[in-house]
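For reference, the structure discussed in these notes is given below.
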Amino acid sequence: MLEYDRSTSRAAATLVGLFSGNVPTSFGDQPMVNELDQLVALRHWLHAHPELSRQESETAQHMQRFLADNAPPDKIVPLAGAGFAAVYNGMAAGRTVMFRAELDALPIYEVNDLPYRSQRDGVGHKCGHDGHMTILAGLALHLRDRPQRGRVVLLFQPDEETGTGAQACATHPNFAQVIPDFVFALHNLPGYTLGQVIVKEGVFASAVKYMAIRMSGKESHSAQPETGASPAFALAELTLAAREIQAQFDDPSAYALIVPVFTQMGVQSSGVCPGSGEVHFTLRAGDGRMVAAMWRDLSERAKMIAEKYGLLIEFETKEEFAATSNATEAVQLIKQAAKAADLDVTTIDHPFRWGEDFGELTQRYPGGLFGIGAGIDHADLHNPDFDFPDTLLTPAIRIFAGLSVIAPV
C-alpha cells in the first residue's frame with residue numbers, strides 16, 4: 001500500500017467538492033475521500049520518481065502493485081517494454097473498451113519547490129503523465145466490483161514521448177488478448193478551464209515527423225577553407241530553405257510547420273573549419289500526407305544543397321507520430337459521458353499542433369482522444385514549472401467511469 005501523507009487531505013477534500021448530481025459517494029466499500037487521499041498520494045509518488053521513455057520499469061511495477069493491493073484486475077497482460085494491460089471482466093457480455101495512460105516522463109529539470117518534487121535531476125513529469133496514470137488508477141477503483149457488462153482494459157503504455165510506445169504495444173503478440181472495440185485517452189490541457197472537456201471529430205492531434213539531416217565533407221584550416229569541404233553554409237542554406245518550403249504548404253485552413261530544433265557543427269577552435277555537421281527539423285501538419293510532402297521537398301532540397309557544396313548526406317528518422325483521428329461515434333460517447341458528469345464540452349475547429357502516439361491506436365480501432373482543461377493560468381505542458389493539478393483527478397475519473405458504462409453497451 002502507499003504511504004499516506006496527511007498533507008494530501010486538503011487536496012482530496014477539494015476533489016470531493018467537485019462531485020455533484022447523481023454521483024456515488026464511494027468507489028467501493030470505503031468513503032470516497034479515503035480513495036481520493038490515496039490517489040493524490042499515488043500521483044505525488046509518481047511525480048517524485050519520473051522515468052524517461054524506455055526506462056519506465058519502476059513506474060510500471062509501482063502501478064501494478066497499486067492495482068494488486070487496491071483493485072485487483074482479472075488479468076495483467078504484459079506488452080512491449082514496460083507496458084502492460086489490466087483487464088476487468090464484466091458480469092455480462094458486451095464490448096471491450098480500452099483506456100490508455102502514458103508511463104514516461106521528460107528530460108526536463110524541475111524548478112518547482114514541492115514536497116514531492118522530482119528526485120531525479122534532469123527528469124520530470126512535465127506533461128502530466130503522472131496524473132494520467134493516477135486517473136486510470138481511480139478508474140480501477142471504480143471497476144473493482146466489476147463492470148455490469150463488457151470488458152474494460154486499462155493500458156499503461158510506455159514510450160509515448162518518443163512516438164514508439166503505442167505502436168509497439170498494438171503490434172505485440174499479447175495485444176491479441178485485449179483487442180478493443182473502442183479506445184479512449186485524455187490529455188490535460190493548460191489554458192482551458194479546469195475540467196472543461198475539449199473534443200473534435202476527425203484529426204485531433206497532428207502528424208509529426210522529427211528528422212536529422214547530416215552532412216559531411218573534409219576538415220581544413222580555417223585560414224584555408226578551400227582545401228576542405230565544410231557544411232557550414234550548406235546547413236545555413238537548408239535552414240532558410242525550410243522556411244520557404246513551409247510557406248508553400250501553410251494555409252489558414254490547414255496549417256503546416258517546419259521548425260529547426262537542433263544543430264551541431266565544428267569544435268571551439270579558431271583554426272579548424274568543420275568537416276561535418278547536422279541539423280534536426282520537426283515537420284507538423286494535421287494531415288499526414290502533407291507532412292510526407294513537406295519532407296519530400298525538404299529532403300530533395302537537402303540533397304541538392306549537399307551536392308552543390310560537395311558533401312555527403314544522410315537522413316535519420318528520430319521520431320514519428322501518426323495523426324490522431326477521432327471516430328464520430330467515439331466523440332459522441334465522450335460528449336455523453338461529459339454531460340453525465342456535468343462537465344462543459346468545447347468543440348475545436350482545428351487540430352492541436354502537438355503529436356500524440358495514441359494515433360497508432362485510433363488508426364487500428366475506433367476511438368477518441370480528448371482534452372480536459374487543467375486551468376486557464378496553469379503552467380504550460382513541457383515547461384519546467386508544470387505540475388499536474390490534483391483537482392483535475394475527480395472530473396477526469398468521472399468521465400472515464402462514464403465511458404466505461406456507456407461504451408460497452
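Please find, among H142, H172, H129, the residue that is open to solvent by 30 Å² or more (accessible area, probe 1.4 Å) and under 19 Å from L392 (Cβ atoms). Result: H142 is the single residue among H142, H172, H129 that is open to solvent by 30 Å² or more (accessible area, probe 1.4 Å) and under 19 Å from L392 (Cβ atoms). When every residue of the range 66-76 is checked against the conditions, at least one turns out to be closer than 13 Å to A137 by Cα and touching a strand residue (DSSP E or B) at 6+ places or on another chain (Cβ under 7 Å).
Take the residues in the range 175-201 that are open to solvent by 20 Å² or more (accessible area, probe 1.4 Å) and of a type in the set (A, V, I, L, M, F, W, C); name whichever of them is nearest to the chain's Cα centre (by Cα). In this case the residue turns out to be L194. Residue check: is Q167 touching a residue at least 12 places away in the same chain (Cβ under 8 Å), open to solvent by 10 Å² or more (accessible area, probe 1.4 Å) and farther than 18 Å from I399 by Cα? Yes, satisfied. Filtering the range 270-297 to residues that are farther than 20 Å from W354 by Cβ and in contact (Cβ under 8 Å) with a residue 60 or more places away in the chain leaves S276, G277, E278, V279. The residues on offer are D159, D113, and the sole one that is in contact with a helix residue (DSSP H, G or I) (Cβ under 9 Å, 6 or more places away or on another chain) and either over 21 Å from E56 (Cα atoms) or open to solvent by 10 Å² or more (accessible area, probe 1.4 Å) (or both) is D159. Of the residues making up the range 85-104, those that are closer than 14 Å to F156 by Cβ and not charged (D, E, K, R) are A85, A86, V87, Y88, M98, F99, A101, L103. Please go through the range 78-92 and pick out each residue that is surrounded by 15 or more Cβ atoms within 10 Å (Cβ to Cβ) and either more than 21 Å from E51 (Cα to Cα) or free of Cβ contacts under 8 Å to residues at least 60 places away in the same chain (or both). Matches in the range 78-92: V87, Y88, N89, G90.
Residue pairs whose Cβ atoms lie under 7 Å apart, sitting 6 or more positions apart in sequence or on different chains, and linking a residue in the range 53-65 that is modelled with pLDDT of 95 or more to a partner that is of a type in the set (S, T, Y) and not in a helix (DSSP H, G or I), are S53/T162. Condition test on G122, is it modelled with pLDDT of 95 or more, among the small types (G, A, S), assigned to a loop (DSSP other than H, G, I, E, B) and in contact with a Phe, Trp or Tyr (Cβ under 8 Å, 6 or more places away or on another chain)? The answer is yes for G122. Evaluating P50 against the criteria (1) out of contact with any strand residue (DSSP E or B) (no Cβ under 6 Å at 6 or more places or on another chain); (2) over 14 Å from G138 (Cα atoms); (3) modelled with pLDDT of 90 or more leaves one unmet condition, (1).
With respect to A101, determine if the residue is crowded, with 17+ Cβ neighbours inside 10 Å, within 18 Å of A166 (Cα to Cα) and touching a Lys or Arg at 6+ places or on another chain (Cβ under 8 Å). Step through it out loud before you land on a result.
Details: crowded, with 17+ Cβ neighbours inside 10 Å: yes; within 18 Å of A166 (Cα to Cα): yes; touching a Lys or Arg at 6+ places or on another chain (Cβ under 8 Å): no.
No; evaluated as a whole, the condition is false for this residue.
Residues considered: A229, A236. Of these, the only one that is farther than 30 Å from D181 by Cβ and surrounded by fewer than 18 Cβ atoms within 10 Å (Cβ to Cβ) is A236.
The values are calculated or read from the model by the stated rules, or taken from the named source; none is laboratory data. Bear in mind that the values here come from a model prediction, so they are computed numbers and not experimental data. Backbone-built Cβ (ideal geometry, glycine too); neighbour counts: all protein chains shown. In case anyone asks, the SASA skips ligands and DNA or RNA and just uses the protein heavy atoms, side chains included. Shrake-Rupley method; radii C 1.70, N 1.55, O 1.52, S 1.80 Å.
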